[in-house]
Ligand SMILES: [Zn+2]
């Protein structure tokens, strides 16, 4: 497992605590717990940049279409300019031939003393000059349209790249494994700090399941996403120390206060040590039954996804999920 000691320390020092003024009931919530909640919130939500990009995307896509149309138009103009150059080139070639022919005719006429041929030479010379001018105009047109087509191609390409980059940023923004890893790194400290000052006011209900407010947002997101994937989950979270003592009796633990959890018929933590007593563990059910197997659809979904919501399984109990896995 990768470790992020420096990152976790930096987060503890710098992450702003969410809802300090908005949630007076959580005034006693430990700083580490607030940081855990903030990290998981960031992990499960798009960044402000991604939200902005999502609103800009339709306009960016429209720009790609507009620029592609402009490029097609510029390429058509370039093609027309190429045809004009070809026509002017052959026109010049013809005018050159006619001028040469007129010169030859004039020289022959001089010998025969027929001055009329001079006029034809002048005419052909003028025509040659005109066709050379036309060729130069056509060549300038080709240069201009080629430059415009190149610029249009660059603009279309830039718009395409911008859309692709925005789509990648949006796709990558929903879940930040780095933030989830940072939350996992401090979860043991969250348990210690939470246990020190826990009261029932630190709990809330998510779909009828009583859990610590620290994990409420991530837990609700997990149940929502699991249900969306066709795996509706429920379960039991918080229980009092008194209930934990009862369970130690019910589950046949050899001794209430010292026997290890594994010595009970159903593994049951020593009172005062269970994460259920501070609302940071949940025993999950699927289809109304406790998740007792690793082969079922519910466990498989959790094994693949629960870490995204900051929850880890206790290996000896497929149903038991908490922020530390204990
Ligand atoms: Zn449990």
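Nothing in this text is a laboratory measurement; each read-out follows from the coordinates by a stated rule. Treat the numbers as computed from the prediction; the structure is a model and nothing was measured. Ideal geometry is used to build each Cβ from the backbone, glycine not excepted, and the neighbour counts take in all protein chains shown.
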Pairwise FRET efficiency - residue 171 versus residue 289, Cβ, R0 = 35 Å, nearest 0.05: 0.45
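With the Cα gyration tensor of the stretch 194-326 in hand, give its eigenvalues times 5 under a square root as the equivalent ellipsoid semi-axes, listed largest first in whole angstrom. Display every interim value, and only then the final one.
Working: eigenvalues 114, 65, 27 Å².
Sorted largest first and rounded, they come to 24, 18, 12 Å.
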Counting each DSSP H run of 4 or more residues in the chain as -39500 (n - 2.57), what helix-only mean residue ellipticity at 222 nm follows after dividing by all residues, to the nearest 500 deg cm²/dmol? -22000 deg cm²/dmol
Which peptide among 38-48, 59-69 comes first, and what is the full order, when sorted by highest mean count of other Cβ atoms within 10 Å? 38-48, 59-69
Over the chain, what portion of Cα pair distances is larger than 26 Å, expressed as a whole percent? 66
Measure nothing fancy, just the Cα-based angle from helix 48-112's long axis to the longest principal axis of the chain, in degrees from 0 to 90, nearest 10. 10
Between the stretch 239-315 and the stretch 76-112, what is the C-alpha centre distance in whole Å? 97
Tilt, helix 241-250 to longest principal axis of the chain (alpha-carbon atoms), in degrees rounded to tens, equals 70
What FRET efficiency comes out for residue 119 versus residue 93 if R0 is 25 angstrom and r is the Cβ-Cβ distance? Round to the nearest 0.05. 0.60
Under a point spin-label approximation (7 Å from Cα along Cα-to-Cβ), what is the residue 255-residue 316 distance to one decimal in nm? 1.6
For an R0 of 56 angstrom, estimate the FRET efficiency from the Cβ-Cβ distance between residue 263 and residue 178 and round to the nearest 0.05. 0.90
Highest mean first, how do 216-224, 273-281, 285-293 rank when packing is the count of other Cβ atoms within 10 Å averaged over residues? 273-281, 216-224, 285-293
Stokes-Einstein D for the stretch 49-172 (20 °C, 1.002 mPa s, Kirkwood Rh from Cα pairs), in µm²/s, comes to 116
